[in-house]
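Comments concern the structure below.
The values are calculated or read from the model by the stated rules, or taken from the named source; none is laboratory data. Remember, predicted model here, so these are calculated numbers, not experimental data. Please note: Cβ atoms are built from the backbone with ideal geometry, for glycine as well, and neighbour counts cover all protein chains shown. Side chains are part of the model used for accessible areas, which takes the heavy atoms of the whole protein and leaves out ligands, DNA and RNA. Shrake-Rupley method; radii C 1.70, N 1.55, O 1.52, S 1.80 Å.
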Amino acid sequence: IKGLVKMILQKQEDFWANQDEKVIQEYWDHDGADRKMEWLIDQIKNYDFESIYEVGTFSGRNLYKLNQYLPDKKIGGSDINKKALNFAKNKMPHITLVYENIYDLDLYSKWDIVFTMGVMIHIPESGIEKATQNLIEKANKYLIHMEQVGDGTVLSRRNAQKFIWYPNLVDIYN
């Protein structure tokens, strides 16, 4: 079963890269993330930073919220879903949006704060070291994860097509 789960986790990139317009719109309309973004904004408001970048931005709703509260900051993000990025670009043409995955981030483009929200649970264990190293290198000052964290061994079936795991990010960064 471990091999099956590993195979399913490695297909997460395909799962997210191929979401259609209906899912993208539903993600944009869902207000559940507002509370998390308000928490993040409250945490960073006293940080010394000029730019913030979300890896795994999907429809861009988190960036939209950041722009509302932090209009004087440079805001950007990336995702593996071209349709979602086009959706976000139509909503926010002034925000930097890039098509890239977490394993191949443009490490020459640095941002003061880099953050993820609900992304690391989709990174297979075999790729977590590369992903976290890229995030560290992309961040000039701060790296923030808003993620479900576990002991690194717990797998949870969310629906028939998607599995997630709860990485132990504390151990990964130690």
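Which count do you get for residues in region 19-36 that are open to solvent by less than 90 Å² (accessible area, probe 1.4 Å) and either modelled with pLDDT of 85 or more or of a type in the set (Phe, Trp, Tyr) (or both)? The total comes to 2.
Taken over region 128-140, the criterion of being over 17 Å from residue 106 (Cβ atoms) and either surrounded by fewer than 18 Cβ atoms within 10 Å (Cβ to Cβ) or without any contact (Cβ under 8 Å) to a residue 12 or more places away in the chain (or both) is satisfied by 129 alone. For region 12-116, no strands (runs of 3 or more DSSP E) sit wholly inside it while including 3 or more residues that are of a type in the set (Ser, Thr, Tyr). Could we say that residue 84 is free of Cβ contacts under 8 Å to residues at least 60 places away in the same chain, over 13 Å from residue 53 (Cβ atoms) and among the small types (Gly, Ala, Ser) here? Here the answer is no, as residue 84 does not meet what is asked.
For every residue, the table says whether it meets (1) exposed (fewer than 14 other Cβ atoms within 10 Å of the Cβ); (2) of a type outside the set (Gly, Ala, Ser).
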residue: 42; (1), (2): yes, yes
residue: 46; (1), (2): yes, yes
residue: 51; (1), (2): no, no
residue: 55; (1), (2): no, yes
residue: 59; (1), (2): no, no
residue: 62; (1), (2): no, yes
residue: 69; (1), (2): no, yes
residue: 76; (1), (2): no, no
residue: 95; (1), (2): no, yes
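Filtering region 152-174 to residues that are modelled with pLDDT of 70 or more and open to solvent by 50 Å² or more (accessible area, probe 1.4 Å) leaves 170, 171, 172, 173, 174.
Within region 38-71, the set of residues being touching a residue at least 60 places away in the same chain (Cβ under 8 Å) and within 14 Å of the chain's Cα centre (by Cα) comprises 40, 52, 53, 54, 55, 56.
Based on this model, can you work out whether residue 119 counts as crowded, with 18+ Cβ neighbours inside 10 Å and within 14 Å of the chain's Cα centre (by Cα)? For residue 119, the condition - crowded, with 18+ Cβ neighbours inside 10 Å and within 14 Å of the chain's Cα centre (by Cα) - is met.
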